[in-house]
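Notes follow the structure.
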Amino acid sequence: MKKGLKGIDTAIRLVEDAVSVASLAGIVAIAFASTIARYCFKSGFLWGDEVSQALLVMMGMFGCARAVRTNGHTEFTTLQKKIKARAGRIALRICILSLTLGLLLFLFVTSIGYAQASTVLSAVLKIPRRFYYLPVPIGFALCIYEYIRNIKSKVLEDPEEDFDLAGKEDEKP
């Protein structure tokens, strides 16, 4: 059972990474090709902006889940450092994590309704806009999954020390 869940988790990680990289590469390729076409050939791609917009939403949502997986999001470490008792820090992290999951759940439910309600077609490609908005609830669902997956470590483990841009550990008073 544990091996099957690990395989599913690996597949989710690979999807998050692949979609993030592919959407960024697509945005860069479309922007580069549009620039060359516009300035060298005096023409452009009418569909380029629509596809770039869809890829940007996709990259943002899947990248957000990837950031949660790799602890790339900011945390309230300053407030946690002020609490000396470990039980107090754990209680604060439980509160913050509960609020975060509650907000993500609210955004997930809201974004499903938003994606379903969109019946408008895109201007150039005539694709239903709901396909452009579909990555939003998927991204929120992946974020919820990532937070739940790491709930034990996020609550029980103190975050690593902060580092400044030069790579030196912040001085402790």
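None of the figures in this text is laboratory data; all of them are computed from the coordinates on show. The model shown is predicted, which means the values in this text are computed figures rather than measured ones. With ideal geometry, Cβ positions are generated from the backbone for all residues, glycine too; neighbour counts draw on all protein chains shown.
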message = Can you tell me the length gained on complete extension of the stretch Thr100 to Phe45, counting 0.36 nm per residue apart and subtracting the Cα distance?
response = 15.8 nm
task = Step through the residues of the range 48-59 one at a time and calculate ³J(HN,Hα) from phi using the Karplus curve (6.51 cos²θ - 1.76 cosθ + 1.60, θ = phi - 60°), rounding each to whole Hz and writing x for Gly and Pro.
result = x, 5, 5, 5, 4, 4, 5, 5, 5, 4, 4, 5
task = Go through the range 1-69 and name the trypsin sites (Lys or Arg not before Pro) that are in a DSSP coil and have 10 or fewer other Cβ atoms within 10 Å of their Cβ.
result = Lys42
key: Karplus 3J(HN,Hα) series, Hz, for the range 95-102 with 6.51 cos²θ - 1.76 cosθ + 1.60 (x for Gly, Pro)   = 4, 5, 5, 5, 4, 4, 5, x
ask   = Beyond 28 Å, what share of the Cα-Cα pairs of the chain remains, rounded to the nearest whole percent?
value = 42 percent
task = Whole number please: convex hull volume per residue, Cα atoms of the range 8-84, in Å³.
result = 111 Å³
Long-range HN-HN contacts of Ser122 with modeled amide H, under 5 Å = Ile127, Arg129
